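First up is the structure itself, then whatever we jot down about it.
The values are calculated or read from the model by the stated rules, or taken from the named source; none is laboratory data. Please read these numbers as outputs of a predicted model, since none were measured by experiment. Here the Cβ is made from the backbone with ideal geometry for all residues, glycine too, and neighbour counts use every protein chain on show.
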Amino acid sequence: MITPILLCGGSGTRLWPLSRKSYPKQFVPLVGDTTLFQASSQRLSGEGYSAPLVLTNSDFRFIVTEQLASIGIDPGAILIEPTGRNTAPAVLAAALWLNKSDPEALMLVAPSDHVVPDAEAFRQAVEAGVPAAQNGQMVTFGITPSHAETGYGYLELDTAELPDQPTPLGLKRFVEKPDAETAEKMFASGQYLWNAGIFLFSVKTILAAFQAHAPDLIAPVQTAVDAGQPDLGFLRLDPAAWDQAADISIDYAVMERAENLSVVPFGAGWSDLGGWDAVWRESGPDARGVVTSDNATAIDCDNSLLRSEDAGLEVVGIGLKDIITVAMPDAVLVADANRAQDVKKAVAALKEKS
Ligand code: GDD
Ligand code: MG
């Protein structure tokens, strides 16, 4: 059995105004009818998977329980982080929690804000990684890169040949978020895959990796788990101990330093919906490259996304080219489609104003 570890603490500022601090992108139906969090939970349920362990913060705890209940999934446990400390302490807390009952348990650490349209192919890739994970490997999932992205981790393969069937391959190293020049070189070499941000390992293996590469995290996170307060079905990690844990991602704390890494290449479609351009791509643009939501109309437009998130608000675009428009009841974004990554600047600018 595999225990899904669902991480949903991020805030997704590049998808403003739909994604808000109080209601971030993983909890909104961005592509299709279910939310990304619900789709991630569903993808990792059923045969072979036990109830998920969810890591989130206090603000999102009821959204998590409501969204899981509405798709009939019972969480195994929900751990509440007193403050966001990034993914390393969160994954460590999950491992220490599971270690109480089963050190051999396999954990599948999954972000809650990705789109993976072919859930069955994804489950097969996970299955292919299971023997390696049982053997002490930390299994990553690799995506064939399409450009020199600097927002992702890179996995250096020790072979140039990709297998037809999902099979774990050896990895030379893991490079988290390279600078632009390094990313260009890695992309051009054809020897690298993108890290999908999804990991499979046993509790025992990841605890040994933390011990080897980030030992200072263990004591505070162990205390935060042990001194955690049960509260209405959640476990609130102890705030004083949690505050002592460094703010660092699992990629920097462990993966970049580890040697027991494998990768299962995954070619069936993956997007981390990092901005409106990705949402536009994943929503199936028409022949002219246009995507409209309900209550949005495009007349003679090209390569544009028009969304109304308010049933009482009509959005109409005429003759637009390369434009993203997202209208909410209280805010409207109008942006050059090539500047989708700059939307986080809007959030920063508004924060400064308030
Ligand atoms: N519970 C919890 N607590 N979840 C968190 C926290 C936290 O403090 N911080 C982030 N998360 C969640 C996010 O909501 C997301 O689902 C996941 O953990 C990954 O965090 P991101 O902040 O989105 O990471 P990233 O996108 O910059 O980088 C990671 O993902 C890339 C692929 O999308 C890395 O693993 C990269 O190597 C990878 O390429
Ligand atoms: Mg991300």
Legend entry - Residues of segment 1-39 satisfying the condition of being within 14 Å of the chain's Cα centre (by Cα) and closer than 21 Å to Ser202 by Cβ: Pro4, Ile5, Leu6, Leu7
Legend entry - Failed item in (1) under 26 Å from Thr56 (Cα atoms); (2) at pLDDT 95 or above; (3) more than 16 Å from ligand 2 (Cβ to nearest atom), with Ser101 passing the rest: (2)
Inset, instruction - List every residue pair whose Cβ atoms sit under 8 Å apart, with the two residues 6 or more apart in sequence or on different chains, where the first one lies in segment 301-326 and is among the basic types (Lys, Arg) and the second, anywhere, is in a strand (DSSP E or B) and crowded, with 19+ Cβ neighbours inside 10 Å. - result: Arg307/Val291; Arg307/Thr292; Arg307/Ala296; Arg307/Val315; Arg307/Thr325; Arg307/Val326; Arg307/Ala327; Lys321/Ser304
Inset, instruction - Residue by residue through segment 278-292, note down the ones that are surrounded by 15 or more Cβ atoms within 10 Å (Cβ to Cβ) and over 17 Å from the mean Cα position of the chain (by Cα). - result: Trp280, Arg281, Ser283, Pro285, Gly289, Val290, Val291, Thr292
Inset, instruction - Can you work out which of the residues in segment 310-354 that are in a loop (DSSP other than H, G, I, E, B) and within 15 Å of Trp280 (Cβ to Cβ) is farthest from the chain's Cα centre (by Cα)? - result: Leu320
Inset, instruction - Just name the residue that is nearest to ligand 2 (Cβ to nearest atom) out of those in segment 238-277 that are within 16 Å of the chain's Cα centre (by Cα) and among the small types (Gly, Ala, Ser). - result: Gly274
Legend entry - Residue check for Asn86: in contact with a helix residue (DSSP H, G or I) (Cβ under 9 Å, 6 or more places away or on another chain) and at positive phi: yes
Inset, instruction - Could you please find all residues in segment 197-218 being small (Gly, Ala, Ser) and either within 16 Å of ligand 2 (Cβ to nearest atom) or under 26 Å from Ser271 (Cα atoms) (or both)? - result: Gly197, Ser202
Inset, instruction - From the list Pro89, Pro117, pick out the single residue that is modelled with pLDDT of 95 or more and more than 16 Å from ligand 2 (Cβ to nearest atom). - result: Pro89
Legend entry - helices (runs of 4 or more DSSP H) enclosed by segment 51-167 - at least 3 residues per element that are without any contact (Cβ under 8 Å) to a residue 60 or more places away in the chain, closer than 17 Å to Phe37 by Cα and of a type outside the set (Asp, Glu): 61-69
Legend entry - Filter result (under 29 Å from Ser11 (Cβ atoms) and small (Gly, Ala, Ser)) within segment 105-142: Ala110, Ser112, Ala119, Ala125, Gly142
Inset, instruction - Evaluate the following for Val64: is it away from ligand 1 (no atom under 13 Å from the Cβ) and in contact with a Ser or Thr (Cβ under 6 Å, 6 or more places away or on another chain)? - result: no
